[in-house]
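Take a look at the structure set out below.
Quick note: the coordinates plus some simple rules give every number you see, no bench work behind them. Computed from a predicted structure; not experimentally measured. Here Cβ is always computed from backbone atoms with ideal geometry, including for glycine, and neighbour counts include all displayed protein chains.
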Amino acid sequence: MHKILGIDPGTGIVGFGFIQYDRNDLKLIDGGVIRTTPNESTEHRLLTIYDEISGLIATHRPDWMSVEKLFFARNVTTAMGVSQARGVVLLAAAQAGVMVAEYTPLQIKMAITGYGRADKKQMQEMVRLLLNLDSVPKPDDAADALAAAITHAQFIF
């Protein structure tokens, strides 16, 4: 049995999702988002993300962290912020001794739907089905993080 923490990185919202994987059986443990506010300094926002991720790792003790790679961004400022958020998430994993895997959005879409151009609704519905949930996980960032966790379960085990 393995616990996997999926992360959808961002500076304003970081999605997280914990799943348990055991021989093709996927189970939702926890999911949600970490929010920071735009009027906070960058360093305070990053500290909030780091502290929250560290707390979640301490609570759930995952074996793996699966993080969505920053693949493309039209806005350089946004890309830099997401990269910084990814950095503190990766730091929290390293300090806790959690192994990390990184996947591109294309890899995640392929693993979840079998189609690299799947839209958000298709992805969310497949996450719902794969985790045997009554409804699509909300908000979208949490569903994206769960998709990253499921991807790792499919790739590695």
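Spin-label model, HIS2/MET99: points 7 Å from Cα along the beta carbon direction are separated by 0.6 nm. Ranking ALA92, ASN39, GLY81 by Cα position along the charge dipole of the chain, where only Lys, Arg, Asp and Glu carry charges on their C-beta atoms, puts GLY81 farthest toward the positive end.
For segment 1-100, a simple Cβ point-charge model (Lys and Arg +1, Asp and Glu -1, everything else neutral) yields a dipole of about 180 debye relative to the Cα centre.
Cα to Cα, under 20 Å, and not fewer than 8 places away if on the same chain: which lysines meet these conditions relative to LYS138? Those lysines meeting the cut-off are LYS27, LYS109, LYS120, LYS121. A cut-off of 5 Å between modelled amide H atoms, ignoring neighbours fewer than 5 places along the same chain, links ASP30 with PHE18. Among ILE29, ILE19, ILE108, the largest mean-square fluctuation in a Gaussian network model of the chain, built with springs joining Cα atoms closer than 10 Å, belongs to ILE29. In order along segment 77-92, the phi-based Karplus estimate (6.51 cos²θ - 1.76 cosθ + 1.60, θ = phi - 60°) of 3J(HN,Hα) comes to 4, 5, 4, 5, x, 5, 4, 5, 5, 4, x, 6, 5, 5, 4, 4 Hz; Gly and Pro are listed as x. For segment 2-156, the residue among MET110, GLY55, ILE7 whose Cα projects farthest onto the positive side of the dipole built from Cβ charges is MET110.
Ignoring everything except DSSP H segments at least 4 long, calculate the 222 nm mean residue ellipticity for the chain; use -39,500 (n - 2.57) per segment, divide by total residues, nearest 500. Can you show the working numbers first?
Working: 5 runs with 77 residues, N = 157.
Counting only the DSSP helices, I get -16000 deg cm²/dmol.
Each 5 Å bin, from zero up to the one with the longest distance, holds this percent of the alpha carbon pairs of the chain: 2, 10, 21, 23, 21, 14, 7, 2, 0, 0. Once C-alpha pairs closer than 8 Å and six or more residues apart are averaged by separation and normalised to the residue number of the chain, the relative contact order reads 32 percent. Note on segment 68-124: with charges restricted to the Cβ of Lys and Arg (+1) and Asp and Glu (-1), its dipole about the Cα centre is near 220 debye. This model, with +1 at the C-beta of Lys and Arg and -1 at the C-beta of Asp and Glu, gives segment 28-157 a dipole about its Cα centre of some 360 debye.
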